[in-house]
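Worksheet: the structure to be examined is printed underneath.
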Amino acid sequence: MAGAFAFKGCQKIRGAQIRVLLEAKDFFLFDCDGVIWHGENAITGAAKVVNALIRRGKNVVFVTNNSTRPRENYVNKFTRLGFTDVMLDQIFSSSYCSALYLRDVVKVRGQVFVIGCEGLRLELLEAGIPCVEEEDDPDATIYNCALAPDVKAVLVGHDDKLTFLKLAKASCYLRDPECLFLATDNDPWHPLSGGRILPGSGSLTAALEVASGRKATVIGKPSRFMFECISSQFSGIDPAQCLMVGDRLETDMLFGSNCGLDTMLTLTGVSQIEEAQEYRSSDLTTNHSYVPDYVVDTIADFLPAFEEIEEQND
Amino acid sequence: MSGSQCARLGGPLVRQLLDSVDSVLFDCDGVIWRGDQAIPGAARVISLLKQRGKKVFFVTNNSTKTRKMYADKLSSLGFDAAEDEVFGTAFCCAAYLRSECGLRGKVYLVGSDAMRQELEAVGIQAVGVGPDPVSGKQLDWASVPLDPEVQAVVVGFDEHFSYMKLNRAMQYLTQKDCLFVGTNRDTRLPLEGGKAVPGTGCLLQAVETAAQRQAQTVGKPSRFMFECVAQRFGLRPERCLMVGDRLDTDILLGSACGLKTLLTLTGVSTAAEAAAHRDSSSAERRAMVPDYYVESIADLLPALQGEDDPSL
């Protein structure tokens, strides 16, 4: 419903407008899937954009809910795909941040029961957090399984080796109200290249929430915690100087909004501009948090702005 | 019924209630048995009800057994019961797909072999039962081949639940005309000794979240469970008594269908919970208040045995 107090946002920008934005911000947060790459293919021009931002002295970090690989793997992928200047400490994955949460916020004493893949376990191990061993006990059934002692947290992430037994064990551990219930992220499904999708961690977390009657604490976007991790590492970060660039309204834009950052939706991924417009015209003010401040077709739209900046500097 | 008061059932009220109904529907877990142990006196209650000319039915959300398997369990625990008196969600789900959805052909089933058998008995072929772990890479899973004859995804209790099954179910459900049916939403499957494992509700929630679609559920408190019995036996709701241990499934079903309701305290729900619903201002909560409650269905024995009849 338009009117004198119609909510703004969702502004499609190019050229000079982008240049102004690039000059005004000094901290750029990028989601990965659907923003800088699709699977193993970099989005055309994305590597140039990221490299240019870094060379111009801008802070660039990558904020991803993908919990399946350790950060070292991400560094390799960046290099492989032509993003030459990206270092380990610029990468913030939900698995890395889950490990930080357990180590620094909760200061967990005891073991963690993990429903997740090797990448998640490696991040926890690197942070010195003991995980319950994934054992291959052929005698264990869902009706009668051995539980590990001293489990102080259950952490759920993407797990393609999910079994009913894992769900059963996790819900047993969660009967203890002192045992924490954490999830790397709530994404119901993950996009792959070619418009295909796979079930996400959110679906596994939902199953366990029903089994336990408890709500998980979510580490990843749209929760603020990943931004707190970034702030701890880059002290002095000012939200007003930040721009969050993502492709998913319900994770990236809401994350930006929750942390007080300006947000930009790129249309190379999950969300369509029509969805953003629907949220904008919604009567529910809470829906406005999903609306990006700015919209671009692709982050490659930044490139002409760099050329203009260079021309100006000549 | 919004006027239900959760009164303690005792004294002359018992005969009055029993005389006002022709059929009694019993939930199983927590009502007539716990795991593999019959509730003391329960078998006798069922026999005496039948002797007095009442019809007796067993209505359970458990989808892991066929009617025949239930009849066998009932017999082995000393209950006088026939196969056609048993209504589990495996049987009712097959009935629902066949008669309500008009489904002919195949379904993708996340569920037990018992469900597959009940589906086959009505001419519906189920694919997907049994273990199904991942192999290959992510792209393979996303492009998993879909059987073009599958018209529905059906979810029941499945101890072989895996990421791959979740994935296949989700892929089928991206097709808009694929139906989506679940047996029930119970969060726990009760076992003996007070143990429990995650129930079908968890598996269903996982699939619903991944697919971003809601399933139609067949089990209590959905009215279909009662209609399944009522149609076959010509029951009149106001002459039926629903006996259960769960306010949010058994009693809610009874309310929704206009049955008289009796809560027994040998299972999940407590008298305090019922009282709290009764004192609530929410119509949804008041629908979960039973007309009466007993500590155990054995409390019906004195009236059934004629011991409370002063004229004898």
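The values are calculated or read from the model by the stated rules, or taken from the named source; none is laboratory data. Because the structure is a prediction, the values reported are computed rather than measured. Note that we place each Cβ from the backbone using ideal geometry, even for glycine, and neighbour counts take in every protein chain shown. Remember, those area values only see protein heavy atoms, side chains included, never the ligands or the DNA or RNA. Shrake-Rupley method; radii C 1.70, N 1.55, O 1.52, S 1.80 Å.
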Pull up all non-local amide H partners of A:Asp262: gap of 5 or more, or a different chain, and H-to-H distance under 5 Å with H placed in the peptide plane.
A:Cys242, A:Met244
A student asked for the Cα radius of gyration and Dmax of chain A in angstrom ought to give 20.7, 74
Beta carbons within 10 angstrom, averaged per residue: use that to sort the peptides A:90-97, B:48-55, highest first.
A:90-97, B:48-55
Tilt of helix A:201-212 relative to the longest C-alpha principal axis of chain A, in degrees (0 to 90, nearest 10)?
40
Taking the dipole of chain B about the Cα centre (Lys, Arg +1; Asp, Glu -1; charges at Cβ), the one of B:Phe26, B:Ala276, B:Leu253 that reaches farthest to the positive side is B:Leu253
Computed label-point distance, nm, for sites B:Ser99 and A:Leu165 using a 7 Å Cα→Cβ extension:
4.1
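What's the FRET efficiency of B:Asp36 with B:Arg236 using the Cβ-Cβ distance as r and R₀ = 25 Å, to the nearest 0.05?
Taking R0 as 25 Å, the efficiency between B:Asp36 and B:Arg236 is 0.10.
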As an exercise, identify the trypsin sites (Lys or Arg not before Pro) in the stretch B:185-294 lying in DSSP coil whose Cβ has no more than 16 other Cβ atoms within 10 Å.
B:Lys195, B:Arg213, B:Arg223
Roughly how tilted is helix B:42-51, in degrees to the nearest 10 and between 0 and 90, from the longest Cα axis of chain B?
70
At 222 nm, what helix-only mean residue ellipticity would chain A give, in deg cm²/dmol to the nearest 500, using -39500 (n - 2.57) for each DSSP H run of four or more?
-9000 deg cm²/dmol
If amide hydrogens are placed 1.01 Å from N in the peptide plane, which non-local residues have theirs closer than 5 Å to the one on A:His38?
A:Ile43
Cα-based Rg then Dmax for the stretch A:96-218, in Å, read 14.1, 45
Applying 1/(1 + (r/R0)^6) with R0 = 35 Å to the Cβ-Cβ distance of A:Arg55 and A:Asn287, what FRET efficiency is obtained, to the nearest 0.05?
0.35
For a quick check of your reading of the filter: which trypsin sites (Lys or Arg not before Pro) in the stretch A:48-107 sit in a DSSP loop and have no more than 10 other Cβ atoms within 10 Å?
A:Lys107
Debye intensity ratio I(q)/I(0), log10, the stretch B:102-217, q values 0.11, 0.16, 0.22 Å⁻¹ (C-alpha model)
-0.34, -0.72, -1.31
Average beta carbon contacts from partner chains per residue of B:152-165, 10 Å cutoff:
3
Just the number please: accessible area per residue for the protein assembly as shown, 1.4 Å probe, all protein chains included, in Å².
41
Check A:Val218: other-chain or 5+ apart residues with amide H under 5 Å from its amide H, H built from backbone geometry?
A:Ala183
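Hey, what D do you get for the protein assembly as shown in µm²/s if you plug the Kirkwood alpha-carbon radius into Stokes-Einstein at 4 °C and 1.567 mPa s?
48
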Point-charge dipole on Cβ atoms (K/R +1, D/E -1) for chain A, about Cα centre, debye to 20
360
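Net charge within 9 Å of B:Ser269 by Cβ-Cβ distance, Lys/Arg positive one each and Asp/Glu negative one each, not counting B:Ser269 itself? Write down the numbers at each step before the final one.
Numbers: positive: B:Arg246; negative: B:Asp245, B:Asp248, B:Asp250, B:Glu273.
Around B:Ser269, the surrounding residues sum to -3.
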Take the Cβ-Cβ distance between B:Arg285 and B:Ser20 as r, set R0 to 35 Å, and report the resulting FRET efficiency rounded to the nearest 0.05.
0.85
Once phi for every residue in the stretch B:63-70 is put through the Karplus expression 6.51 cos²θ - 1.76 cosθ + 1.60 (θ = phi - 60°), the whole-Hz ³J(HN,Hα) values, with Gly and Pro written as x, are 9, 8, 10, 7, 4, 5, 5, 5
Total charge dipole magnitude, the protein assembly as shown, about the Cα centre, Cβ charges on Lys, Arg, Asp, Glu only, Debye to nearest 20:
1100
Using θ = phi - 60° and the Karplus form 6.51 cos²θ - 1.76 cosθ + 1.60, what ³J(HN,Hα) does each residue of the stretch A:67-82 get, whole Hz, x for Gly and Pro?
9, 7, 10, x, 4, 4, 4, 5, 4, 4, 5, 4, 4, 3, 8, x
Give me the percent relative contact order of chain B, please, defined on Cα pairs under 8 angstrom at least 6 residues apart.
23
Counting only other chains, what is the mean number of Cβ atoms within 10 angstrom of the Cβ of each residue in peptide A:212-218?
1
Percent antiparallel among DSSP beta bridges confined to the protein assembly as shown, nearest 5, equals 15
Residue by residue, what Karplus-based ³J(HN,Hα) values in Hz, rounded to whole numbers, does the stretch B:140-156 have, using 6.51, -1.76 and 1.60 with θ = phi - 60° and x for Gly and Pro?
5, 5, 5, 10, 4, x, 9, 6, x, 8, 6, 10, 8, 9, 10, 10, x
Of the options B:Val134, B:Ser75, B:Gly88, report the single residue whose Cα projects farthest towards the positive end of the charge dipole of the stretch B:28-165 (beta-carbon charges: Lys, Arg +1; Asp, Glu -1).
B:Ser75
Which GluC sites (Glu not before Pro) does the stretch B:251-312 hold that lie in a coil by DSSP with at most 11 other beta carbons within 10 Å?
B:Glu307
Over chain B, consider all pairs of different Cα atoms and compute the Kirkwood hydrodynamic radius from their mean reciprocal separation; express it in Å, one decimal.
20.3
Based on Cβ point charges of +1 for Lys and Arg and -1 for Asp and Glu, what charge dipole magnitude is obtained for chain B about its Cα centre, in debye rounded to the nearest 20?
440
Summarise the partner chain shielding of B:126-133 as one whole number: the mean count of Cβ atoms from other chains within 10 Å of each residue's Cβ.
1
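Compute the longest continuous run of chain A that contains no exposed GluC sites (Glu not before Pro); treat a site as exposed when its DSSP state is not H, G, I, E or B and it has at most 15 other Cβ atoms within 10 Å.
A:179-314
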